[in-house]
1. Report yes if A:Asp38 is facing chain B (nearest Cβ under 8 Å) and open to solvent by less than 30 Å² (accessible area, probe 1.4 Å), otherwise no.
2. Which condition number does B:Ala245 fail, the rest of (1) within 30 Å of B:Ile427 (Cα to Cα); (2) more than 10 Å from every other protein chain (Cβ to nearest Cβ) being met?
3. Considering only strands (runs of 3 or more DSSP E) fully contained in the range B:97-175, which possess at least 2 residues that are open to solvent by 10 Å² or more (accessible area, probe 1.4 Å)?
4. Suppose we keep only residues that are touching a Phe, Trp or Tyr at 6+ places or on another chain (Cβ under 9 Å) and within 25 Å of B:Val157 (Cα to Cα) within the range B:268-287. Which one would you say is nearest to the other protein chains (Cβ to nearest Cβ)?
5. Applying the selection to the range B:247-256, what residues are farther than 13 Å from A:Tyr50 by Cβ and in contact with a helix residue (DSSP H, G or I) (Cβ under 9 Å, 6 or more places away or on another chain)?
6. If the requirement is being on the phi > 0 side of the Ramachandran plot and at pLDDT 95 or above, which of these qualifies: A:Val72, A:Val48, A:Val19, A:Val27?
7. Can you name the residue in the range B:396-427 that is more than 25 Å from B:Trp364 (Cβ to Cβ) and of a type in the set (A, V, I, L, M, F, W, C) and, of all such residues, is most open to solvent (accessible area, probe 1.4 Å)?
Amino acid sequence: MTVKKHGAEELLGFDKFAVDEEEPHIVIDKTICAKCKDKPCLVICPAVLYTLKDGEINFDYAGCLECGTCRVMCSQKGIAKWTYPRGTFGVAFRYG
Amino acid sequence: MSEEEKFDVIIVGAGPAGSASAYLLAKAGKSILMIERGVSPGSKNVTGGRLYTYALELVEPGLHSQAPLERKVVREQVMLLGETSGVTIDYVDYTFKASLPQSYTVLRAPFDEWFAGKAEEQGAMVAAGIRVDDLLIREGKVVGVKAGDDEMVADIVIAADGINSFMAQKAGLCSELTPHMVGVGVKEIIELPAETIQQRFNLGPDEGTARVILGCTEGIQGGGFLYTNKDSISLGIVYSPESAAKQSKSIQEIYQDFKLHPAIYPLIEGGTTVEYGAHLVPESGLKGVPKKLYRDGFVVVGDAAGFCINTGTILRGIDLAIVSGVAAARAIISARSGAEVGPNYVRELEKLNLTPTLKLFAGWPEITAIPRMAKAYPQLANDALKFMFTVDGNVPEKMPKAMRKIAKKHVSIGQLVADGWKGVTSI
């Protein structure tokens, strides 16, 4: 298989994740997101975890690369909680 | 871990800054606990990346020769991409090979794990898989850290917890990161046979290439990078999320299109992507460094302190992290009281050239932030060379006239003068 254009899901498929099913490390407040005009999260998340579904922001913390870009860019405080995943959980880079 | 057990130093984060500190402090006989949230040191870290090895030599002479490094950089390249073309400046210097170690390409997961292991060999305790949640502060002094229900105490806490430094924030040394302070980097590791890499990049078996690329971000402030590892290529871009937010295309898609650029794709063709990573980069140089790097019982090092230099041709972070880790260790070792640690640290950063170097490059982020650097100038260079190399049987235009025309297509005289002035005054 040669290198080609990959979609976000495919890219995340190359990484190793230990998803913390009990405790999401990022939580968004959709009522704030609904009022946010710019929605920078739709374009700046390298994992494309913020998507628009029927006009509403949809977010999945499972493929998070833990970069912090959304935390820095969310000007309306729609991100109600942003922490790193609990110890051992989240992405584990094998190359880095 | 019981509350009674007290360490001389607790280090939050087992990246290069933390491990450099842990190594030297443990070697000096201090009791050290280094806490890492990843399942192993390095598993949360991403670099471009390369390492300037002088920094490791500060920790211990000869240490770099044991490190799991990839290839010694002998080719330094700057590439300007046009829409379907590319101009590459390729500087090769074989004395890099013969002389003192200069720089190597590196992958952080194996490197960080090795480095933390070296600190462990010196006697440091490394606790991986633990997320530090908070600082313990008593009577204005940082006395330890909290992780879940556990409290761990120490005379000094070193925050080596990277760019999203919650520790430095909790200590009150820095406020929340703002969009213009950071770049976001995305990167793929693309596996290719060592021989293919050597052929494509004109390298000997252990030699490597480091390339910075301008004009690949669809006008978004930022640039690309390419590093040859032993049997993989690190290819990525770093861009301003603030500038990217104005685009409707996701930065992940922009990166995918960059991969397929006709001047890039042949370099990675036939390869296999094995990892996709992303990370924030401190981008504002000295301006992004907290005014105060310490408080009673606490110092901040590495990315957490915003130590990063980007001149457009040289990107430095890991070496500065290690240097700051060395500075923190030296400060703690030489301090006669806790109160001396912070001021000692600042002095060591001066002595080890970190602060003076950051000061020297303080204006450079202004240059990399010139909007035309990401598109107009790379395209202009490509058009100029296209003119120079085109032979089609017609009488070509006179050079000065043609160049003026090409320049005008991409940039106004006013912009050119303004950018030139900014360039001169910033450096």
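The values are calculated or read from the model by the stated rules, or taken from the named source; none is laboratory data. Quick caveat: nothing in here was measured; it's all calculated off a predicted structure. As a convention, Cβ positions derive from the backbone with ideal geometry for all residues, glycine included, and neighbour counts pool all protein chains shown. The accessibility values were calculated without ligands, DNA or RNA, using every heavy atom of the protein model including side chains. Shrake-Rupley method; radii C 1.70, N 1.55, O 1.52, S 1.80 Å.
1. Working: facing chain B (nearest Cβ under 8 Å): yes; open to solvent by less than 30 Å² (accessible area, probe 1.4 Å): no.
Here the answer is no, as A:Asp38 does not meet what is asked.
2. (2)
3. On the way: elements: B:103-105, B:125-128, B:134-138, B:141-147, B:150-159.
Fully inside the range B:97-175 and qualifying: B:125-128, B:134-138, B:141-147, B:150-159.
4. B:Pro282
5. The initial filter retains those residues of the range B:247-256 that are farther than 13 Å from A:Tyr50 by Cβ, namely B:247-249, B:253-256.
Scanning the range B:247-256 gives B:Gln247, B:Ser248, B:Lys249, B:Glu253, B:Ile254, B:Gln256.
6. Numbers: A:Val72 fails: on the phi > 0 side of the Ramachandran plot; A:Val19 fails: on the phi > 0 side of the Ramachandran plot; A:Val27 fails: on the phi > 0 side of the Ramachandran plot.
So the residue among A:Val72, A:Val48, A:Val19, A:Val27 that is on the phi > 0 side of the Ramachandran plot and at pLDDT 95 or above is A:Val48.
7. Start the filter on the range B:396-427 by keeping residues that are more than 25 Å from B:Trp364 (Cβ to Cβ), which leaves B:396-406, B:408-409.
Within this subset, residues satisfying the condition of being of a type in the set (A, V, I, L, M, F, W, C) are B:399, B:402-403, B:406.
Details: B:Met399: 89, B:Ala402: 3, B:Met403: 51, B:Ile406: 23 Å².
If we take residues in the range B:396-427 being more than 25 Å from B:Trp364 (Cβ to Cβ) and of a type in the set (A, V, I, L, M, F, W, C), then B:Met399 is most open to solvent (accessible area, probe 1.4 Å).
Every residue, every condition in (1) open to solvent by 40 Å² or more (accessible area, probe 1.4 Å); (2) out of contact with any Gly (no Cβ under 7 Å at 6 or more places or on another chain); (3) facing another protein chain (nearest Cβ under 10 Å); (4) over 30 Å from B:Gly129 (Cβ atoms), yes or no:
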{"residue": "A:Val3", "(1), (2), (3), (4)": "no, no, yes, yes"}
{"residue": "A:Gly7", "(1), (2), (3), (4)": "no, yes, yes, yes"}
{"residue": "A:Ile44", "(1), (2), (3), (4)": "no, yes, yes, no"}
{"residue": "A:Arg71", "(1), (2), (3), (4)": "no, yes, yes, no"}
{"residue": "A:Gln76", "(1), (2), (3), (4)": "yes, yes, no, yes"}
